[in-house]
């Protein structure tokens, strides 16, 4: 098949949606499909994607603030969409969806929408003023984009169930196709041995790892608060390493000012092999998010056998809990404290068993090859 991915930005720095498109596209190419990507990035973004085995069309930048309106993008779709068997729109609330719907309906090309968690009611509850704006847009815009799609794609059952509660009217053809990631493609054991023989300053002792964007949604204040309290009681607990780009500087400053930073290391963003090594060397990966549609970093931790301590607002919590691959609690200070205390009370045998379970849960649910095959099968079923 010839498949066009439509996304606001394909820059990997923008987060999980771009990463999902990049990784699934790589598998689609390996499966023999022809892939192209159309985004509303500026031409400068082409340097981030020039090494990928598909053509990326950077048709921005867009205007109208976060809506990212682009007449160039709209016209390109109208002129080129008939070259494709199917179009996949990634994300909601921006011009990409409306533009794709308009072009695909005009040219009679089937399209699909991957919501990537953007119908989670958490956003409505947390940002009530934005909910009003979204509701006005929903009735004449996004509702029609979803209603007219061949299928609306979800990463897990939890995401689909939550989406049904966000806006009305809601009439879509729902399909859960999953999402995944890949295991590291280098000799991790050898890299770990080298890392442990000469560890950086932040890895001199066992450590918990938070690896994500530093913003309010990620609940880092809960983790640091819980950790500081527990360390005051028990200084021998593992260190806490915080890795990721700071997207809300005031939020990060507040966390550092409000809590004792003993045993806490802020190390910035890790990428490439360094990311995998840090994950594999950690005691556990901790993510106390208030909202997380999938959490690719959670799946990546599982891929290297690292147990995950997560909130029940990470939508793949059920797979983690039922598979014994980690611990799950509420996204509260009490819940986060319970995650750390419960882990600390486990025996070495229990932790080893959880590590083995992490690998099994990854292979069963979150391997990118299997999830991409399900996505392709879904598309073929709907267009044949």
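One table, with the values for the structure above:
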| item | result |
| --- | --- |
| More than 26 angstrom apart: percent of Cα pairs within the chain | 53 percent |
| Whether the range 144-276 is rounded, prolate or oblate, judged on the alpha carbon gyration tensor where a/c under 1.5 counts as rounded | oblate |
| Stretchable slack from residue 312 to residue 42, in nm (0.36 nm times residue separation minus alpha-carbon distance) | 93.5 nm |
| Label zone at residue 137, where the point sits 7 Å out along the Cα-to-Cβ direction: the range 1-26 residues whose backbone N lies under 13 Å | 8 |
| Surface/4 of the Cα convex hull for the range 92-155, nm² | 4.3 nm² |
| Relative frequency of Cα-Cα separations exceeding 24 Å in the range 188-366, percent | 30 percent |
| Structure-based [θ]222 nm, the chain - -39500 (n - 2.57) summed over DSSP H runs of at least 4, per residue, nearest 500 | -13000 deg cm²/dmol |
| Angle between the chain longest axis and helix 348-361 axis [Cα atoms, degrees, rounded to 10] | 10 degrees |
| Cα→Cβ-extended label distance, 7 Å offset, between residue 55 and residue 31, nm | 2.2 nm |
| Ascending count of other beta-carbon atoms within 10 Å, so fewest first, for 198, 360 | 198, 360 |
| Relative frequency of Cα-Cα separations exceeding 14 Å in the range 288-368, percent | 57 percent |
| Sorted by Cβ density within 10 Å, fewest first, the residues 104, 369 | 369, 104 |
| Estimated inter-spin distance, residue 1 and residue 106, nm [label 7 Å along Cα→Cβ] | 2.4 nm |
| Angle in degrees between helix 188-197 and the longest Cα principal axis of the chain, rounded to the nearest 10 | 40 degrees |
| Helix axis angle, 128-137 relative to the chain longest principal axis, alpha carbon, degrees | 20 degrees |
| Taking 144, 101 and counting other C-beta atoms within 10 Å, the order from fewest to most | 144, 101 |
| Residue 83-residue 236 FRET efficiency (beta carbon distance; Förster radius 51 Å; 0.05 resolution) | 0.25 |
| Simple spin-label estimate for residue 364 and residue 144 in nanometres, 7 Å along Cα-Cβ | 4.4 nm |
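Every number in this text was worked out from the coordinates using simple rules, so none of it is lab data. Since the structure is predicted, the reported quantities are computational estimates derived from the model, not experimental observations. Here Cβ is always computed from backbone atoms with ideal geometry, including for glycine, and neighbour counts include all displayed protein chains.
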